[in-house]
Every structure is written in structure tokens, then in C-alpha cells.
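Participant: First, the structure itself, so that you have it in front of you.
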Amino acid sequence: MPWSVCTLACLRSLTNHLYLNFLKNPFLIALVLFSTVSVAQGRQPLKGKVVSGFDDLEGIYVINRSTETTVITTRGGYFTINAQPNDTLVFSALQFEAKDVLVTERELGDNLVFVPLKTRTRELEEVVINDYKHLNAESLGLVPKGQTRYTPAEKKLATASKWKMNPLGLDPLINMFSGRTAMLQKAKETENKEALIEKMRYLYSEEDIVTLFKIPQEYVSGFLFYIVENKYFVKAMKEESEERIKFMLNGLAVKYLELTDNEK
């Protein structure tokens, strides 16, 4: 038998022998099949973006549970991770509820995958609010107890008119004859009226005054100046009697509208 024919016969015999051994070994068969599938279905970059009502979307963990690889979202919630169909991606962060996403053929490709996350809510077991209303300048010993408190205008008037505020001077006497005390008294009254008007604007909006008391919108400011001139209404405001305030406002509104009609 020629050498080339012998060599060919030997190679054929060896190939048959290896093929038979391969068929008898399930492990080798599985290894080849796994390699073939892996090559055909290799993992591809999956691009996505986390979306939520929460502003800070950076630093969220994206974990491929199948490969145990992890990436972190960048600013704006963007991420890229290698994946293939049937892989499970886990999204995890302290401020969000954990979420699992199963990868399908549709998610892979050039399209950007949007993953909505829910903000994690935390319930407090108990909230204790301490009442510190008793703490003030008097209780802390910063000022004497029972000391009268003044607004800026009241302080100027007291300084100008009371001997107790000027034990060594003649200011009260001089101010009385010069008319400064009377001027400061008017300033104090004006300040008090302005404070009441501001309080009224807090209790009732301009729309409320128009709707509830039938005051035309262009007369609202005039109506506020009108009611703070009424001493009974001022007393009701100081007593903070809501029912009485509303009752008096209805009556004063009728009188004010009569005055405006007469002026026309």
C-alpha cells in the first residue's frame, strides 16, 4: 500500500474514533452547543434611561442578574449594560423601590429603553412636637416680667410723652407744647390702622370682600380704610371674635355702599 494511501486511511480511522468518542460524551456535546448558542446570541449593549418624578437620577445601580455585572446611572438617569434576551436587570437605589426588568428582543438595538421607577415612601413611627410657647424673653430673664411691649410708633410716643421713659429729661413737657406728642399720637393711630388693614387682608382676600360683602373691586381699598375707623369693629378685631367680625362687616358694607351711592 502506498504511503499516501496509508496516511489517509490512518487519518480517517482516527477521525472516526474521535467522532465516536464525542458522541459517547454528553459533556462535550453540551459544551459545543453552549458555545454555538453563545456565539449566535452574544450579549449586546442595552442603552436606557431611568425616569421618575424624583430629580436626582444619578447613581442608581443597574445589575444584570444573569451575569452579575453592575453599572451605575449617569446624570439624567442614563445607563448602558450588556444584555441579551431573557436576562433580568435589577434597578436599585435608596430613594426608589427596587424593580426587575426582563430583557426581550425589543429592548435590544439602537432604541433607548425607558425604565420608570417609583419613589420609595418612608413612614415615621412617631413624631413628637415639643411646645416651646412658654419660652420667651421674660421666662429666660432677658427682660423684666410684665414689661410693656411697644410697636415702633408706640415706643416713640411713649418716649416723647411719659416721664417714666425720660426720668432725667424734660422731653415730655417740651413735646407737649411743641405739638410733637400729638403728631406721634397720630402716627401711632395710623400704624395701628395699617396693622388692622393688613390683618383684614390676611383674613379676607380682595375676591372674598367682593363676593361676600358685595363691595365693588375698585372700592375695596376704601372700604378697608372705612372699617378700621369704626371703634366697635376695631374692638372685635382685637378680641378676634370671628362671628362678630363677619356680622359687623356685613353691616358696615351696607353703610359704605350707601355712602358711595350718595357721593355719586
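Participant: Got at least one residue in region 208-217 being at pLDDT 85 or above, among the hydroxyl-bearing types (Ser, Thr, Tyr) and either more than 46 Å from the chain's Cα centre (by Cα) or in the same structural domain as ALA236 (by TED's automatic domain parsing) (or both)?
Facilitator: yes
Participant: If only one of LEU94, LEU112 is under 14 Å from LYS47 (Cα atoms), in contact with a Lys or Arg (Cβ under 8 Å, 6 or more places away or on another chain) and not charged (D, E, K, R), which one is it?
Facilitator: LEU112
Participant: Please tell me if ALA98 is within 16 Å of LYS118 (Cβ to Cβ), free of Cβ contacts under 8 Å to residues at least 40 places away in the same chain and touching a Gly at 6+ places or on another chain (Cβ under 8 Å).
Facilitator: no
Participant: Here's another thing I want to ask about it. Keeping to region 232-247, report how many residues are assigned to a helix (DSSP H, G or I) and either β-branched (Val, Ile, Thr) or under 16 Å from ARG201 (Cα atoms) (or both).
Facilitator: Qualifying residue count, region 232-247: 8.
Participant: Now a separate question. Taking region 208-231 on its own, how many of its residues are part of a helix (DSSP H, G or I) and closer than 18 Å to GLU191 by Cα?
Facilitator: Residues that pass the stated criteria total 8.
The values are calculated or read from the model by the stated rules, or taken from the named source; none is laboratory data. Please read all numbers here as calculations on a predicted model, not as lab measurements. Counting neighbours? That spans all protein chains shown, and the Cβs are built from the backbone with ideal geometry, glycine included.
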